[in-house]
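Novice: Take this structure, written in structure tokens, and hold onto it; I'll ask about it next.
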Amino acid sequence: MHTKETLRQEIRQILHNRLFIVVSNREPYIHHHTENGIVCTRPASGMALALDPVVQASRGLWVAHGSGDADREVCDAKGRVRVPPEKPSFTLKRVWLNEEQETNYYYGFSNSALWPLCHIAYRRPTFQQVQWESYQEVNQIFADAIAAEVGNRKAFIFVQDYHLALLPRMLKQRVPQAVVAQFWHIPWPNPEVFRICPWRHELLDGLLGNDLLSFHTRFHCLNFTETVANEVEARPDQEATAIIYQGSITKIRSIPISVDFSAIEKQASRPETLERMEELRRRYGLPEKNLGLGVDRLDYTKGITERIEAIGSFLDHHPEYRGRFAFFQVAPPSRTRVEEYRRLAEEVDQVVERVNDRHRQGSWQPILYAKEHLEQPDLYALYRMARFCVVSSLHDGMNLVAKEFIAANVDENGVLLLSRFTGSMRQLSDALIVNPYAVDELGEKIHQALEMDAGEVRWRMRRLREGVQVNNIYKWASTIVHKIGHLS
Ligand code: ADQ
């Protein structure tokens, strides 16, 4: 079994004394001003939460955009701070972006062009020259910051996600002795879809600066190699496991990401979790039995409106559940400076109101909706309380909520409903697999989850737990570290 300790040893052996640098847009720890002084929080980002234990084990350096309003105050002159605050084990180096760069690079090109382009969730990507220029500029800012840290040293640089597609090529030019790898956390679309991007050649050229480029699934790898073959003068090998471009090789691998199973299990099993469950029940008015749960960033790819409609359909067809059931949706607002996200927030409010109005009885209503970011212990307590959890993404690279729910379900009494359009579906086939576009069918699956006999619930959950326990975040990281090690 892969653990934090085995990973620590592997990193020591494989990476020797080389610098290990993780680069991402989103930082793993954010410092904010509050009434009680400066506090440090962790963002609701699958990528940041998954990588945190890995960088802790490596004791390396993490370079990311400093986005908190108190970030500068806790850093030294080079933008560095030791984290996690309670037990510092690595250095976070913050890169500073101005308002305009954040607007154009982050909200603009990253989240209004690349995010919808790669997810194909029926939201049209927008491409603006000014945003593209800012994207290039910010990738260069990251390259400068990293080159200053690396100097002439040997280093492994592990870049995260779609915000930094140009960075690998820039790094190859600035620090050619470094091994560069990247993980693409979202889907890669088919070549026909990618073709609409005006700067597709530049993006591909940037990504082919990597020595290793990984995706969650084989399907995304195949889409990528096919896109490359269609768009640039490059030669993929027959199995689509490497691409030769301008005389250098980029290995392409599928390495599915995961969660820290044992840490979540441990937290969920603590006696305090039972007290926390009671407290959450009181705080949100949750029922003792038949609780359904949804946990997502408020994002149109997550299929939140479809899920709420499905609850409505379920109650239309099974009115005997009125008053005996509740669905709790937790969704903190996300990317609110993008128009599409503001529209989604309104859409979700409306559909919740509509379904509640249709089925309300006295003081009872079926949907409880909290637009909040919860602390991890609260989240794990909720996972443990839920009879079922719905992950109904219209398209998702992996989806870690599904795996967290499984890791926290220590009583083996929960059912996972999982969209067939998530990367995690390929590993979690003992879940109830659903199509979120078919709302009535999803409603029937919710009924099935509530009626499923305890034996079936247990064996499904047991098998899911065995799978996630073995295929945990440390296995993901270990695979990447081994592959990077072979490249040096
Ligand atoms: P995300 O799109 O952010 O990640 P996901 O994998 O579901 O999606 O991770 C979300 C994370 O945020 C989870 O760890 C969850 O616990 C946390 N979270 C969500 N809502 C929360 C709330 N209300 N309060 C507190 N925490 C909350 C991207 C890709 C995914 C891929 C990951 C990792 O889109 O497909 O799985 O990266 O590669």
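The values are calculated or read from the model by the stated rules, or taken from the named source; none is laboratory data. For clarity, every value in this text was computed on a predicted model and none was experimentally measured. Positions of Cβ are generated from backbone atoms using ideal geometry, with glycine treated the same way; all protein chains shown enter the neighbour counts.
Novice: So for the stretch 453-472 (the condition being surrounded by 15 or more Cβ atoms within 10 Å (Cβ to Cβ), aliphatic (A, V, I, L, M) and more than 17 Å from residue 259 (Cβ to Cβ)), does at least one residue qualify?
Specialist: For the stretch 453-472, residues surrounded by 15 or more Cβ atoms within 10 Å (Cβ to Cβ), aliphatic (A, V, I, L, M) and more than 17 Å from residue 259 (Cβ to Cβ): present.
Novice: Need the failing condition index for residue 38 against (1) within 29 Å of residue 105 (Cα to Cα); (2) within 23 Å of the chain's Cα centre (by Cα), just the number.
Specialist: (2)
Novice: Please specify each residue of the stretch 406-426 satisfying the condition of being surrounded by fewer than 20 Cβ atoms within 10 Å (Cβ to Cβ) and of a type in the set (S, T, N, Q).
Specialist: If the condition is that a residue be surrounded by fewer than 20 Cβ atoms within 10 Å (Cβ to Cβ) and of a type in the set (S, T, N, Q), then 413 is the only one that fits.
Novice: So which of 178, 165 is closer than 15 Å to residue 20 by Cα, at pLDDT 95 or above and in contact with a Phe, Trp or Tyr (Cβ under 9 Å, 6 or more places away or on another chain)?
Specialist: 178
Novice: Could you list, in sequence order, the residues of the stretch 356-389 that are in contact with a Ser or Thr (Cβ under 9 Å, 6 or more places away or on another chain) and either more than 16 Å from the ligand (Cβ to nearest atom) or under 22 Å from residue 448 (Cα atoms) (or both)?
Specialist: Answer for the stretch 356-389, where residues must be in contact with a Ser or Thr (Cβ under 9 Å, 6 or more places away or on another chain) and either more than 16 Å from the ligand (Cβ to nearest atom) or under 22 Å from residue 448 (Cα atoms) (or both): just 384.
Novice: Does residue 344 meet the test of being within 16 Å of the ligand (Cβ to nearest atom) and closer than 24 Å to residue 115 by Cβ?
Specialist: Yes; evaluated as a whole, the condition is true for this residue.
Novice: In the stretch 33-67, what count of residues is obtained for those that are more than 18 Å from residue 155 (Cα to Cα), part of a strand (DSSP E or B) and either in contact with a helix residue (DSSP H, G or I) (Cβ under 7 Å, 6 or more places away or on another chain) or outside the structural domain of residue 16 (by TED's automatic domain parsing) (or both)?
Specialist: 1
Novice: Moving on to the next point. Out of everything in the stretch 392-427 that is over 16 Å from residue 264 (Cα atoms) and among the basic types (Lys, Arg), what residue ends up being farthest from the ligand (Cβ to nearest atom)?
Specialist: Among those that are over 16 Å from residue 264 (Cα atoms) and among the basic types (Lys, Arg), it is 420.
Novice: Would you pick out the residues in the stretch 135-165 that are under 24 Å from the mean Cα position of the chain (by Cα) and more than 30 Å from residue 11 (Cα to Cα)?
Specialist: 135, 136
Novice: Still on this structure: Kindly check whether there is at least one residue in the stretch 63-70 that is farther than 30 Å from residue 302 by Cβ, touching a residue at least 24 places away in the same chain (Cβ under 8 Å) and under 21 Å from the mean Cα position of the chain (by Cα).
Specialist: No, the conditions are met nowhere in the stretch 63-70.
Novice: For the list (1) under 26 Å from residue 259 (Cβ atoms); (2) in a helix (DSSP H, G or I); (3) not hydroxyl-bearing (Ser, Thr, Tyr), I need the number of the one condition that residue 86 fails.
Specialist: Failing condition for residue 86: (2).
Novice: Need pairs with beta-carbon distance below 8 Å; first residue within 20 Å of residue 39 (Cβ to Cβ) and within the stretch 86-97, second assigned to a loop (DSSP other than H, G, I, E, B) and among the aromatic types (Phe, Trp, Tyr); sequence gap 6+ or separate chains.
Specialist: Listed by first residue and then by second, the contacts come to 92/29.
Novice: When only residues in the stretch 281-332 that are under 21 Å from the mean Cα position of the chain (by Cα) and of a type in the set (Gly, Ala, Ser) count, which is farthest from residue 42 (Cα to Cα)?
Specialist: Selected residue: 303.
Novice: Right, something else. Can you report the number of residues in the stretch 277-305 which are buried (at least 20 other Cβ atoms within 10 Å of the Cβ) and of a type outside the set (A, V, I, L, M, F, W, C)?
Specialist: 8
Novice: Moving to a separate point now. If I go through the stretch 1-32 residue by residue, how many of them are modelled with pLDDT of 85 or more, farther than 25 Å from residue 141 by Cβ and assigned to a loop (DSSP other than H, G, I, E, B)?
Specialist: Of the residues in that region, 3 qualify.
Novice: Give 121, 145, 181 a once-over and let me know the one that is within 22 Å of residue 47 (Cα to Cα), out of contact with any Cys (no Cβ under 6 Å at 6 or more places or on another chain) and away from the ligand (no atom under 16 Å from the Cβ). Please lay out each step first, then the result.
Specialist: On the way: 121 fails: away from the ligand (no atom under 16 Å from the Cβ); 181 fails: away from the ligand (no atom under 16 Å from the Cβ).
The conditions single out 145.
Novice: Which of the strands (runs of 3 or more DSSP E) found entirely inside the stretch 209-292 contain at least 3 residues meeting this: in contact with a Leu (Cβ under 8 Å, 6 or more places away or on another chain) and modelled with pLDDT of 95 or more?
Specialist: It comes to 248-254.
Novice: Contact list please: Cβ distance under 7 Å, first residue in the stretch 411-433 and assigned to a helix (DSSP H, G or I), second residue surrounded by fewer than 24 Cβ atoms within 10 Å (Cβ to Cβ), pairs at least six apart or on different chains.
Specialist: Listed by first residue and then by second, the contacts come to 423/217; 423/256; 425/433; 426/217.
Novice: Inside the stretch 295-314, can you point out the residues that are touching a residue at least 60 places away in the same chain (Cβ under 8 Å) and not charged (D, E, K, R)?
Specialist: Correct list: 295, 298, 300, 301, 303, 304, 310, 311, 312, 313, 314.
Novice: Please find, among 65, 33, the residue that is of a type outside the set (Ser, Thr, Tyr), more than 28 Å from residue 403 (Cβ to Cβ) and away from the ligand (no atom under 15 Å from the Cβ). Let's see the steps before the verdict.
Specialist: Values: 65 fails: more than 28 Å from residue 403 (Cβ to Cβ).
The match here is 33.
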